[in-house]
Amino acid sequence: MNKPAWRRLLALLFAFTLVAAACGGGDDDGTEAGSDEGGSDTTEAMEDDEGGEDDGETGGAVDEDAAQEALDDAADAEDEEPAAAAAGSMDDLEAVWATERQAIVDNLNSGDFGLGDDGILRGPGGWSLDTNNCPGDWDNSEGLTDSSILIGHTTAQSGALAAYGNIGVGEEMYFNWVNDNGGVDGRDVNWIIKDDAYVATQTQELVAELLQSDKPFAIQTLGSPNTFAVYNELNEQCVPQPLVFTGHQAWGDPEGHPWTTGQQMSYATEALLWGSWIEQNFPDGGVQVAALVMDNDFGLAYKQGFEQFAEESDIIDDVEFVLHDPAAATLTNEMTTLAASDPNVFISMTAGNPCLLAVQEAARAGLTESADALFMPSVCKAIEAYMAPAEGAADDWLIFGGGAKDTTDPQYADDAWVTFVNETIEAAGEDPAISLYGTGFGQAFTFHQALLIAAELDGGLSRTNLILALRGMTSMTHPAYIEGIGFGMNGNEDAYFVEGSDLSRFDAGAQSWNQEGGIIDLSGQSPNCPWVAGEGC
């Protein structure tokens, strides 16, 4: 495949997702909803037009050569035994984190960084922001008291995607544990969850309410449509929007949107890895791909990107895309249509409960037996939610999982972090089998580390020091990710915490995601994504 193909792929993916930015884009929590009503079931064959040329560097994902090299390196490591459990105890890990935090604090307090008398906040990697552009009544300590830190969180706790509200509940349980163990800088974290039902307009209303009434220190959002709906406003108001629950590449914009950060691998990278894997594993060509696509901006963004890749590929002959209503109770007709195309590779470009339905219907339609490979999207790695209910039908599905551990996966039973998470959930009177609680713990860990670092910076805990801590968290050992997954940001030089991934295959008998080969390491290789309306990165 020629090099311009990838550039056209990514440019088209970015442009497409932006056109519908008001309705949404890809989402790490698996809860994309471009329209509240969903959409009609539609079958589409791959079209012949190639889209526009873009020979410049695009943001949010590495180029083809880097992805292919990383996949090759990971495949060469296939005989290595992946480390399933984090070594040592939580005390051992706490000692490691304390050392890492101190190194970050020492660097950020070196005299080169911090909020200057001129109102400019300077950080590593050439990053800065001008607080002189903040509103006249802006308060760098808003949401802080001598005893508390007020954090607002908007999420879906009602509607068809209500299960994703469990992520925020997991975060709240983690911070309750933090509070029970001394808090942050002597302050308790007061976590306020607001239910937006995954409706972007409701997110706007709730954020306005938070800003006017509760006046939190920071606001975290869940979902790409929801994050897009408020991230301009939060950046204009100079309110931190840290660690949003969405993998859209737009959050890698440290200059244009310095107050907003993501955490996990971007969807642009995931789409690239799907295509590279097919190129690597079917060198003789003639590949037929079938894709189930959620009919909203999340699914359609995947579709548009993969479609462009396939059009430029000498390996992929054709792709059949079938769209489905996000609220569909069954996917029988859609999966029957896809099975009839007799694909070599099936890709589920969907999210939430349809991930489970896709697995079940793939078995009923014969796809599980006839296809050479079936892919689950990264947003559906949760075993208890999407794989266990499908029983044997889930066996052998593949996933580029972004390196995240599933806290319900038995291979991590002796993992110090997973043990801590599950015991803390049980102590809170909740069910550790709900893996989305564990997802929340992983995100809250990063938030906690950033707060601890910020409290040790010159001037103490403040909004500017929180965002400086995030932008300057160049390297941390993150317990929620598989060993070997790099974790860190570095100002303008690296705006994505996680850029690597595992390739894992599901073992239905063991109810476990088994890593194949080594880690796909793309750390520091994703260009930033200065998102521009109508153009993308």
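The values are calculated or read from the model by the stated rules, or taken from the named source; none is laboratory data. Keep in mind that what you see is a predicted model, and the values were worked out from it rather than measured. Note that each Cβ is placed from the backbone with ideal geometry, even for glycine, and that neighbours are counted across all protein chains shown.
A count restricted to region 393-405 and to residues that are surrounded by fewer than 24 Cβ atoms within 10 Å (Cβ to Cβ) and either basic (Lys, Arg) or assigned to a loop (DSSP other than H, G, I, E, B) (or both) stands at 2. What are the residues in region 298-321 that are small (Gly, Ala, Ser) and either closer than 20 Å to residue 340 by Cβ or assigned by TED's automatic domain parsing to the domain that holds residue 249 (or both), if any? Matches in region 298-321: 310 only. Yes or no: region 116-125 includes at least one residue that is in contact with a strand residue (DSSP E or B) (Cβ under 8 Å, 6 or more places away or on another chain), without any contact (Cβ under 8 Å) to a residue 40 or more places away in the chain and acidic (Asp, Glu). No, region 116-125 has no match at all.
Taking each residue of region 483-511 that is in the same structural domain as residue 250 (by TED's automatic domain parsing) and among the hydroxyl-bearing types (Ser, Thr, Tyr) and looking for partners that are part of a strand (DSSP E or B) and modelled with pLDDT under 95 with beta-carbon atoms closer than 7 Å, six or more apart or interchain, yields nothing. Can residue 298 be described as farther than 16 Å from residue 396 by Cβ, among the aromatic types (Phe, Trp, Tyr), modelled with pLDDT under 95 and buried (at least 22 other Cβ atoms within 10 Å of the Cβ)? Here the answer is yes, as residue 298 does meet what is asked.
Summed over region 213-223, residues that are in contact with a helix residue (DSSP H, G or I) (Cβ under 7 Å, 6 or more places away or on another chain) and at pLDDT below 95 total 1.
Among residues of region 120-157 being over 28 Å from the mean Cα position of the chain (by Cα) and farther than 20 Å from residue 218 by Cβ, the one that is surrounded by the most Cβ atoms within 10 Å (Cβ to Cβ) is 120.
Conditions (1) surrounded by 19 or more Cβ atoms within 10 Å (Cβ to Cβ); (2) touching a strand residue (DSSP E or B) at 6+ places or on another chain (Cβ under 8 Å); (3) part of a loop (DSSP other than H, G, I, E, B); (4) outside the structural domain of residue 70 (by TED's automatic domain parsing), marked per residue:
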position	(1), (2), (3), (4)
386	yes, yes, no, no
391	no, no, no, no
407	yes, no, yes, yes
417	yes, no, no, yes
421	yes, no, no, yes
429	no, no, yes, yes
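Please find, among 522, 466, 470, the residue that is of a type outside the set (Gly, Ala, Ser), in contact with a Ser or Thr (Cβ under 9 Å, 6 or more places away or on another chain), touching a residue at least 60 places away in the same chain (Cβ under 8 Å) and outside any loop (DSSP other than H, G, I, E, B). Of 522, 466, 470, the one residue that is of a type outside the set (Gly, Ala, Ser), in contact with a Ser or Thr (Cβ under 9 Å, 6 or more places away or on another chain), touching a residue at least 60 places away in the same chain (Cβ under 8 Å) and outside any loop (DSSP other than H, G, I, E, B) is 470.
Tell me which residues, restricted to region 308-328, are at pLDDT below 80, in contact with a strand residue (DSSP E or B) (Cβ under 9 Å, 6 or more places away or on another chain) and surrounded by fewer than 24 Cβ atoms within 10 Å (Cβ to Cβ). None; the set is empty. Under the condition of being surrounded by fewer than 24 Cβ atoms within 10 Å (Cβ to Cβ) and modelled with pLDDT of 95 or more, the residues counted in region 329-365 number 15.
Flag not set for residue 261, criterion: β-branched (Val, Ile, Thr), crowded, with 24+ Cβ neighbours inside 10 Å and farther than 21 Å from residue 378 by Cα. When each of 174, 198 is tested for being surrounded by 19 or more Cβ atoms within 10 Å (Cβ to Cβ), modelled with pLDDT under 95 and aromatic (Phe, Trp, Tyr), the lone residue that passes is 198.
Residues in region 199-219 that are touching a Gly at 6+ places or on another chain (Cβ under 7 Å), over 21 Å from residue 132 (Cα atoms) and not aliphatic (A, V, I, L, M): 214 only. Among the residues of region 418-454, those that are over 19 Å from the mean Cα position of the chain (by Cα), closer than 18 Å to residue 473 by Cβ and touching a residue at least 40 places away in the same chain (Cβ under 8 Å) comprise 451, 452, 453.
Among the residues of region 448-461, those that are buried (at least 24 other Cβ atoms within 10 Å of the Cβ) and either farther than 20 Å from residue 139 by Cα or out of contact with any strand residue (DSSP E or B) (no Cβ under 7 Å at 6 or more places or on another chain) (or both) comprise 450, 453, 454.
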